[in-house]
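Q: Sending over a structure as C-alpha cells; questions will come in a sec.
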Amino acid sequence: MKLCMLAFLASVALLGQESRVPELPYRSVPDFLKLPPDLYFGEVAGVAVNSKGHIFVFSRGNTTGPAYGASAAQLLEFAADGKFIREIGHNLYAWSYAHSVKVDPHDNIWVTDKGSDMVIKFTREGRVAMVFGRKQEASDEGTGPLKHQQPPLPPVDGMFRQVTDVAWDAAENAYISDGYINSRIAKIDKGGNWLMSWGEPGDKPGQFHTPHSIATDAAGNVYVADRGNDRIQVFDGNGKFLRQIVIDVPVDPDARPAIGNKPTHPTGAMKPGSPWAICITPLPNQVLYSSDAYPGRIYKLTLDGKVLSMFGKSGKQLGQFGWIHEMACPSENELYVAELLNWRVQKLLLGPGN
C-alpha cells in the first residue's frame, strides 16, 4: 500500500510539472516582410532563412487554373530587413501546390511541391540544379489527384506521392519526407543518387501517418514530425528507430481553434501537441521547436524531448497563429513561422527583453 501511494504521489507530481511548463516571452515584429504593391501571399506553406539572413517564402500564391485543382505555388526572396528582392522560378514546370522550402548549408534553395510530387534544388542564384520525382503527364489517361488507396500502392524508388519536406546531414545526404501517401523517408546522396527509403503507413515505430516535417541534428539524427500519429520520431541516418517524442501539455479550457468547431476529443493532426512543423537550431546549443494547429502553440524542447517552454495561441492578431505550416529557426531566440490560414510569415523574437 505504501509503495502504491508513493507511485501515485510521483505521478501527481509529474502531472504538476507538465501543467507548469513555463510560458516563453515573445513578440512578433510588425509589418516585417515588404511585398511590392501588386504582389500578394496566398496560404504561406513554407519559410526558410539562408546564411545572409535572407528569407525565402513558398506561398500558394500566383494562382492559375480552375477553382478546383488550380496551380498554386510561388517562391519569393526577401532581404534580412524584410525588403522584397525577387521571385525565383516564375511559372516553373514543377509548380503546382506549395508545401515547404529549405536552404541547405551551401545556401542552395530546395522546395517540395505536394501537387507535382517533385523536389527541386535551386542554386543560390536561383537556377535549377537538380530535380527529384516526376509530375504526372498532362496527356496521360487518368491523370488527376492521387488516390489514397487501401491497401496503398507500393512506393517506387525515385518517385514521390504528395511529398512534404527535406533536410540534410553533415555528409550532405538529403532526407525527404514522402509524404501523405507513401508515408516513408527517402535518403539521397549529395550527387542526387537514391540510396534507400524506410517507413510505411501505420502507427508502430518506424511507420508513419503523414510525415509532414523533417529536421536533422548535428549528430546526424533524423527527426520526423509524424503528424497523424501526433508524435515526433527520431532515427539515425540509416533509418534505425531511436525514440519518439510525444508533447502532452494541458490545454486551456477556453482555447479556441483557428478555424472550425471546437474539438471535443481532438485526435491526429488536431490533437494538442501534434507536430505540424519542426525545426532545430544551429550549434552550439541545439533545441527543437515544434508547432501544433490546436490550440495553436509553439513548444521549445530539448533534443531528447523535454518540453522547456511554450507560447502562443490560435488567432488572427499579431503574435497569434493560424495553422503554422513551416518554421525556420536560425537561432534559439529567433523564429520565422509560415501560416496557412493567415496568409503571412511572422518574425518572432523570443525570450525576456524582446
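Q: Among the strands (runs of 3 or more DSSP E) lying completely within region 181-287, list those that include at least 1 residues that are of a type in the set (K, R) and within 26 Å of V111 (Cα to Cα).
A: 184-188, 231-235
Q: Further, regarding this structure: Taking region 99-135, which residues are more than 16 Å from the chain's Cα centre (by Cα), crowded, with 22+ Cβ neighbours inside 10 Å and β-branched (V, I, T)?
A: I120
Q: Within region 252-271, which residues are in contact (Cβ under 8 Å) with a residue 12 or more places away in the chain and open to solvent by 50 Å² or more (accessible area, probe 1.4 Å)? Can you show your working first?
A: Going residue by residue through region 252-271, those that are in contact (Cβ under 8 Å) with a residue 12 or more places away in the chain are 252, 255-259, 263, 266-271.
Within region 252-271, D252, R256, I259, T267, M270, K271 qualify.
Q: Can you pull out every residue in region 45-66 that is open to solvent by 10 Å² or more (accessible area, probe 1.4 Å), assigned to a loop (DSSP other than H, G, I, E, B) and under 24 Å from P330 (Cβ atoms)?
A: Just the residues of region 45-66 that are open to solvent by 10 Å² or more (accessible area, probe 1.4 Å), to begin with: 49-54, 60, 62-66.
In the following step, the residues that additionally are assigned to a loop (DSSP other than H, G, I, E, B) were identified as 50-54, 62-63, 65-66.
Selection gives N50, S51, K52, G53, H54.
Q: A follow-up question, please. Can you tell me which of (1) open to solvent by less than 20 Å² (accessible area, probe 1.4 Å); (2) farther than 20 Å from F56 by Cα is the one I278 doesn't meet?
A: Answer for I278: the failing condition is (2).
Q: While we're here: Using beta carbons and a limit of 6 Å, which pairs, at least six apart or on different chains, have the first residue in region 188-214 and in contact (Cβ under 8 Å) with a residue 40 or more places away in the chain and the second one open to solvent by less than 50 Å² (accessible area, probe 1.4 Å) and of a type in the set (V, I, T)?
A: The qualifying pairs are W198/I185; G199/I185; P211/V224; H212/T164; S213/I278; I214/V224.
Q: A further question on this structure: Report, by residue number, each residue of region 284-312 that is over 17 Å from G351 (Cα atoms) and surrounded by fewer than 20 Cβ atoms within 10 Å (Cβ to Cβ).
A: Answer for region 284-312, where residues must be over 17 Å from G351 (Cα atoms) and surrounded by fewer than 20 Cβ atoms within 10 Å (Cβ to Cβ): P284, L303, D304, G305, K306.
Q: Report whether or not G69 is surrounded by 11 or more Cβ atoms within 10 Å (Cβ to Cβ), assigned to a loop (DSSP other than H, G, I, E, B) and at pLDDT 85 or above. Working first, answer last.
A: Numbers: surrounded by 11 or more Cβ atoms within 10 Å (Cβ to Cβ): yes; assigned to a loop (DSSP other than H, G, I, E, B): yes; at pLDDT 85 or above: no.
So G69 does not fit the description; no.
Q: Would you please list the contacts, defined by Cβ atoms under 6 Å and residues six or more apart or on different chains, that run from a residue in region 103-132 that is within 15 Å of H54 (Cα to Cα) to a residue that is open to solvent by 40 Å² or more (accessible area, probe 1.4 Å) and assigned to a loop (DSSP other than H, G, I, E, B)?
A: What qualifies is D107/S51; D107/R124.
Q: For region 32-85, how many residues are among the charged types (D, E, K, R), more than 20 Å from the chain's Cα centre (by Cα) and over 16 Å from D107 (Cα atoms)? Lay out the reasoning, then the answer.
A: The first filter runs over region 32-85 and keeps only residues among the charged types (D, E, K, R), leaving 34, 38, 43, 52, 60, 77, 81, 83.
Next, from what is left, pick out any that are more than 20 Å from the chain's Cα centre (by Cα): 34, 38, 52, 81, 83.
With over 16 Å from D107 (Cα atoms) added as a condition, the list becomes 34, 38, 81, 83.
Within region 32-85, residues that are among the charged types (D, E, K, R), more than 20 Å from the chain's Cα centre (by Cα) and over 16 Å from D107 (Cα atoms) number 4.
Q: Examine region 158-167 for a residue that is open to solvent by 70 Å² or more (accessible area, probe 1.4 Å) and touching a residue at least 12 places away in the same chain (Cβ under 8 Å), and state whether such a residue exists.
A: Yes, some residue in region 158-167 is open to solvent by 70 Å² or more (accessible area, probe 1.4 Å) and touching a residue at least 12 places away in the same chain (Cβ under 8 Å).
Q: Here is a further query. Can you tell me which residue in region 131-167 is nearest to H212 (Cα to Cα), limited to those that are small (G, A, S) and in a loop (DSSP other than H, G, I, E, B)? Before you say what the answer is, go through the steps one by one.
A: Taking region 131-167 as the starting set, the residues that turn out to be small (G, A, S) are 133, 138-139, 142, 144, 158, 167.
Those left that are additionally in a loop (DSSP other than H, G, I, E, B): 138-139, 142, 144, 158.
Values: A138: 27, S139: 30, G142: 27, G144: 22, G158: 19 Å.
Going through the qualifying residues, I end up with G158.
Q: Being touching a residue at least 12 places away in the same chain (Cβ under 8 Å), assigned to a loop (DSSP other than H, G, I, E, B) and open to solvent by 20 Å² or more (accessible area, probe 1.4 Å) is the filter here; which residues of region 316-332 pass it?
A: First pass over region 316-332, keeping only residues touching a residue at least 12 places away in the same chain (Cβ under 8 Å): 316, 318-332.
Keeping just the survivors that are assigned to a loop (DSSP other than H, G, I, E, B) gives 316, 318-320, 322-323, 332.
Passing the criteria: K316, L318, Q320, W323, E332.
Q: I've got another one for you. In region 168-180, what residues are open to solvent by less than 40 Å² (accessible area, probe 1.4 Å) and part of a loop (DSSP other than H, G, I, E, B)?
A: The first filter runs over region 168-180 and keeps only residues open to solvent by less than 40 Å² (accessible area, probe 1.4 Å), leaving 168-169, 173-179.
Of everything in region 168-180, those that are open to solvent by less than 40 Å² (accessible area, probe 1.4 Å) and part of a loop (DSSP other than H, G, I, E, B) turn out to be D169, N173, G179.
The values are calculated or read from the model by the stated rules, or taken from the named source; none is laboratory data. What you are looking at is a predicted structure, and each value in this text was computed from that prediction instead of being measured. Glycine also receives a Cβ, built like all others from the backbone with ideal geometry; neighbour counts cover every protein chain displayed. Side chains included, ligands, DNA and RNA excluded: accessible areas come from the protein's heavy atoms. Shrake-Rupley method; radii C 1.70, N 1.55, O 1.52, S 1.80 Å.
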